[in-house]
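Asker: Pasting in a structure now, in structure tokens, and then I'll have a few things to ask.
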Amino acid sequence: ILQYVPTAEGLIIFVVDNNNLKIRINKNISKDILNREVQAYRQLFENEIEKIKRTGRVTPIVSWKNDKSDIYKKDIQPLKEKIIFLYNNLIGPVEKDIAGKKVIAVIANGWLRYLPFQSLAKSTKDGDMEFLINEKSIVCLDSVIAISKDFSPSALSMANITVFANPDGTLIGANKEAELITKLYGKTTTA
């Protein structure tokens with residue numbers, strides 16, 4: 001599970017698997033910058049949808065490599081730059097943590113809820129793109145509660161976890177979620 005919490009000071013990423021909880025902090029991107037970049041990325045797609053409605057055609061992306069064409073400069077390069085920027089800031093900090101994983105569950109907050117994580121990619125040495133969806137299955141969740149029913153009673157009774165709720169006051173329902181987790185797990189510390 002990757003849970004993203006954008007703050008004014010940086011991006012907090014909780015990385016959870018069967019054995020570990022790791023916290024990664026990307027101080028290179030603030031909540032405002034992240035929101036702006038996600039909105040700009042979505043706008044590129046909305047512009048393409050408008051083109052399709054007007055003309056009935058789609059500009060196919062045959063290659064992500066720079067062929068110096070006007071189509072590359074106008075349509076492909078801006079999209080490619082956003083995809084890589086978002087990958088580097090969202091997946092880059094946890095790339096080693098998820099290296100051996102086949103399925104990644106993403107819990108996103110704020111504008112990240114509107115980001116198709118499957119479309120993120122990193123640049124390859126030859127200038128092409130390596131998309132996350134080609135390596136991982138991505139599942140989007142609203143909260144960790146969505147999967148909590150899958151835990152066995154014995155796992156719940158042995159669990160000792162710490163719950164971080166609403167660090168910057170913007171997560172609607174986070175305190176309620178923390179209360180539910182606290183009830184679900186007998187040995188829980190809420191921070």
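The values are calculated or read from the model by the stated rules, or taken from the named source; none is laboratory data. Model, not experiment: these values are computed from the prediction. Don't worry about glycine lacking a Cβ; one is built from the backbone with ideal geometry, like all the others, and counts go over all protein chains shown. Side chains included, ligands, DNA and RNA excluded: accessible areas come from the protein's heavy atoms. Shrake-Rupley method; radii C 1.70, N 1.55, O 1.52, S 1.80 Å.
Asker: Scan segment 1-49 for residues that are of a type in the set (S, T, N, Q), part of a helix (DSSP H, G or I) and under 16 Å from the mean Cα position of the chain (by Cα) and jot them down. Quick ask: steps written out before the conclusion?
Answerer: We begin by selecting, within segment 1-49, every residue of a type in the set (S, T, N, Q); these are 3, 7, 18-20, 26, 28, 30, 35, 39, 43, 47.
Still in the running and part of a helix (DSSP H, G or I): 35, 39, 43, 47.
If the condition is that a residue be of a type in the set (S, T, N, Q), part of a helix (DSSP H, G or I) and under 16 Å from the mean Cα position of the chain (by Cα), then Asn35, Gln39 are the ones that fit.
Asker: Does at least one position in segment 128-144 carry a residue that is among the basic types (Lys, Arg), open to solvent by 30 Å² or more (accessible area, probe 1.4 Å) and free of Cβ contacts under 8 Å to residues at least 40 places away in the same chain?
Answerer: Step one: filter segment 128-144 for residues among the basic types (Lys, Arg), giving 136.
Narrowing further to those that are open to solvent by 30 Å² or more (accessible area, probe 1.4 Å): none.
Scanning segment 128-144 turns up no residue that is among the basic types (Lys, Arg), open to solvent by 30 Å² or more (accessible area, probe 1.4 Å) and free of Cβ contacts under 8 Å to residues at least 40 places away in the same chain.
Asker: On the basis of being within 25 Å of Gly127 (Cβ to Cβ) and surrounded by 17 or more Cβ atoms within 10 Å (Cβ to Cβ), does Ile29 make the cut? Lay out the reasoning, then the answer.
Answerer: Values: within 25 Å of Gly127 (Cβ to Cβ): yes; surrounded by 17 or more Cβ atoms within 10 Å (Cβ to Cβ): yes.
For Ile29, the condition - within 25 Å of Gly127 (Cβ to Cβ) and surrounded by 17 or more Cβ atoms within 10 Å (Cβ to Cβ) - is met.
Asker: Still on this structure, please answer the following. Give me the pairs: first residue in segment 87-111 and on the phi > 0 side of the Ramachandran plot, second residue of a type outside the set (A, V, I, L, M), beta-carbon distance under 6 Å, and six or more apart or on different chains, which are they?
Answerer: Gly110/Pro6
The rows are residues; the columns are (1) open to solvent by less than 40 Å² (accessible area, probe 1.4 Å); (2) more than 17 Å from Ser123 (Cβ to Cβ); (3) modelled with pLDDT of 85 or more.
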| residue | (1), (2), (3) |
| --- | --- |
| Gln43 | no, yes, yes |
| Gly56 | no, yes, no |
| Leu79 | yes, no, yes |
| Phe85 | no, no, yes |
| Asn89 | yes, no, yes |
| Pro93 | no, no, yes |
| Ile98 | yes, yes, yes |
| Val103 | no, yes, yes |
| Val106 | yes, yes, yes |
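Asker: Turning to a different aspect of this structure: Just one of (1) at pLDDT below 95; (2) out of contact with any Phe, Trp or Tyr (no Cβ under 7 Å at 6 or more places or on another chain); (3) assigned to a loop (DSSP other than H, G, I, E, B) trips up Trp111, so point out which.
Answerer: (3)
Asker: Can I ask one more? If a residue must be closer than 24 Å to Ala40 by Cβ and among the small types (Gly, Ala, Ser), how many such residues does segment 80-117 contain?
Answerer: So the count comes out to 3.
Asker: Let me ask something else about it. Out of (1) closer than 15 Å to Lys22 by Cα; (2) under 11 Å from the mean Cα position of the chain (by Cα), what's the single condition that is false for Lys96?
Answerer: Looking at each condition in turn, Lys96 falls short on (2).
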